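Beneath this line is the structure, given in structure tokens, with notes to follow.
The values are calculated or read from the model by the stated rules, or taken from the named source; none is laboratory data. Here the structure is a predicted model, which means the values were calculated and not measured. Because the Cβ atoms are built from the backbone with ideal geometry, glycine has one as well, and the counts that use them run over all protein chains shown. Heavy atoms of the whole protein, side chains included, go into the accessibility calculation; ligands, DNA and RNA do not. Shrake-Rupley method; radii C 1.70, N 1.55, O 1.52, S 1.80 Å.
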Amino acid sequence: MKYVLVTGGVVSGLGKGVTASSIGVVLKACGLRVTSIKIDPYLNTDAGTMSPFEHGEVFVLDDGGEVDLDLGNYERFLDVTLTRDNNITTGKIYQSVLEKERRGDYLGKTVQVVPHITDAIKNWIEAVAVIPVDGQEGPADVCVIELGGTVGDIESMPFIEALRQLSFSVGHDNFCLVHVSLIPVLGVVGEQKTKPTQHSVRELRALGLTPHLLACRSAQPLLESTKEKLSQFCHVPAGNILNIHDVPNIWHVPLLLKNQNAHHSILKQLNLLDLAAPPALQDWTRMAETFDNLTESVRIALVGKYVNLADSYLSVVKALLHACIACSLKPSIDWIAASDLEEDSAKLTPGAHATAWETLRNAACVLVPGGFGDRGVRGMILAAKYARENSVPFLGICLGMQISVIEFARSVLGLESANSTEFDDQTPNPVVIFMPEGSRTHMGSTMRLGSRRTLFQTPDCITSKLYHNSEYVEERHRHRYEVNPEVIGTLEEAGLKFVGKDDSGRRMEILELPHHPFYVGVQFHPEFKSRPARPSALFLGLILAARGQLEAYLDRHQNGT
């Protein structure tokens, strides 16, 4: 197995995940099979209990793993299906070591960070690296490892030491280190400063790891004099100093790497030049340039709880992008804080309230994504009601689906107190309830997680037609509340149709409102399986409906064209 390690220095948030994903894309374009591992040095076992405000979205895998959003980047860029074990955390490592200690596996020895924790890290990496993730048999050729955080962080020290040992044990020709660093420009001087990167590399070398390539993040392309200085003081050949400057969209990053011959430097270090072909990135180039040249846009109102941090809905944003590009459109996302739509906001912050409603009314479609807790729920209900009553295309995901059920029960059935027991456990009309198998005492990994099959109840529904499958669809889930099966009959008699259910027939998965251009709610998260070349069917349907093209699209595909 060949390893490419991506580390970061100077500051966090430099785009190590995109860099690691892009390296994988270029190597895959050279004909190599690639897998990925993300190391997160935090003590949490996984990302499942972390706040979207602090950590961005929680990405869900097929096997139910709740992982860092960077694994979403890996899956989208490399078109692979990863497992929960591809995300290593300090919590997982310590938990596995302590379980061994309790079983007596260490035969009474003193359990220490070195060698026990570092050995556990190395063993985990080597075991996961050989798991195929691309649908083929046998291990991949290259494993790209991203070490989260910044070099010098206390919590990442055991991982740095383990990776140093790994580089030594696998041999020089099987290990390549790419260090991502920042080249800032001070406004007063206007000069590209290399000193932060010099210090970062010095710190890395002091810990026993020497970078083979530098990936330098900057606003503008690096000057040759800057490259020469970095080469001289960081002991990296000038040809191995890559410049990842700001680009119009992140699909340009693999092209930047290819144009700077990053693949040649990495392949040479890994002794793979004889096996690899020149990178075939024609489709990737076409995709990046197509996005750059789009002029027509579609306005999408995204009504959510965590709109102050775009990364909270990263996969939703990417899925919208994939769908828009398939329709030759540029997404124009209007972020609306759900609480700004509420009546209380009209009194407390009238300006924000008026702006939110104006934005909603100007949108071509409305999307209410997932979330937890009662903040902003009344605003989401108002958004769902507006979309339903005004024939505006609407997609509700997870919580968004539950919101549409609550709104329908209140507005159409006249059940003013209808609610979810998540928001009011004493409601006399619980239309959304806690799942029987859920845990009320433990938060982590106690939801309904991972890929599940949804059976279509009729082939004659928009969702079935969009998926081009009259029987079922498999999508990823992350929820602990569900539509109350006791009220399904009443809701359907009033006009709301549940066209998708789980294999038991009691868990509602997809709802549609007939005679509406596009009013769909899904309990699963279709955004997690969206890919640049294969947009999510439901996001595509939302955008087509927003442009008035959905019926023509469905007719074309129904006729086999």
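Taking the criterion of being part of a strand (DSSP E or B), assigned by the TED database to the domain that holds S181, of a type outside the set (D, E, K, R) and under 26 Å from the mean Cα position of the chain (by Cα), would at least one residue in the stretch 217-225 satisfy it? Checking the stretch 217-225: at least one residue is part of a strand (DSSP E or B), assigned by the TED database to the domain that holds S181, of a type outside the set (D, E, K, R) and under 26 Å from the mean Cα position of the chain (by Cα).
Residues of the stretch 62-83 include at least one that is in a helix (DSSP H, G or I), closer than 22 Å to R33 by Cβ, of a type in the set (D, E) and open to solvent by less than 60 Å² (accessible area, probe 1.4 Å). Residues in the stretch 412-442 that are under 28 Å from V60 (Cα atoms) and either polar (S, T, N, Q) or buried (at least 23 other Cβ atoms within 10 Å of the Cβ) (or both) were compared, and the one that is modelled with the lowest pLDDT is T441.
Out of curiosity, is V178 open to solvent by less than 10 Å² (accessible area, probe 1.4 Å) and either at pLDDT 90 or above or out of contact with any Phe, Trp or Tyr (no Cβ under 7 Å at 6 or more places or on another chain) (or both)?
yes
Per this entry, Y106 is not counted among residues that are at pLDDT 95 or above and of a type in the set (F, W, Y). Search the stretch 216-260 for residues being without any contact (Cβ under 8 Å) to a residue 60 or more places away in the chain, open to solvent by less than 40 Å² (accessible area, probe 1.4 Å) and of a type in the set (V, I, T), and hand back the single one that is farthest from V26 (Cα to Cα). Going through the qualifying residues, I end up with T226.
In the stretch 538-549, the condition of being open to solvent by less than 10 Å² (accessible area, probe 1.4 Å), farther than 18 Å from F456 by Cβ and among the polar types (S, T, N, Q) is met by no residue.
Got at least one residue in the stretch 319-338 being at positive phi and either open to solvent by 60 Å² or more (accessible area, probe 1.4 Å) or free of Cβ contacts under 8 Å to residues at least 24 places away in the same chain (or both)? Scanning the stretch 319-338 turns up at least one residue that is at positive phi and either open to solvent by 60 Å² or more (accessible area, probe 1.4 Å) or free of Cβ contacts under 8 Å to residues at least 24 places away in the same chain (or both). Tally time: how many residues in the stretch 243-280 are farther than 20 Å from A326 by Cβ, out of contact with any Ser or Thr (no Cβ under 8 Å at 6 or more places or on another chain) and outside any helix (DSSP H, G or I)? Number satisfying all stated conditions: 14. Please work out which residue is most open to solvent (accessible area, probe 1.4 Å), limiting yourself to the stretch 21-52 and to residues that are β-branched (V, I, T) and in a loop (DSSP other than H, G, I, E, B). Across the stretch 21-52, the extreme among qualifying residues is T49. Just one of the listed residues (S345, S265) is modelled with pLDDT of 95 or more, more than 23 Å from the chain's Cα centre (by Cα), of a type in the set (S, T, N, Q) and surrounded by 15 or more Cβ atoms within 10 Å (Cβ to Cβ), namely S265. G370 meets all of the listed conditions (1) at pLDDT below 95; (2) open to solvent by 30 Å² or more (accessible area, probe 1.4 Å) but one, namely (2). Comparison of A409, A384 shows that the only residue that is open to solvent by less than 40 Å² (accessible area, probe 1.4 Å), part of a helix (DSSP H, G or I), in contact with a strand residue (DSSP E or B) (Cβ under 9 Å, 6 or more places away or on another chain) and over 24 Å from A546 (Cβ atoms) is A409. Just to be sure, is C216 at pLDDT 90 or above and within 24 Å of N73 (Cα to Cα)? So C216 fits the description; yes.
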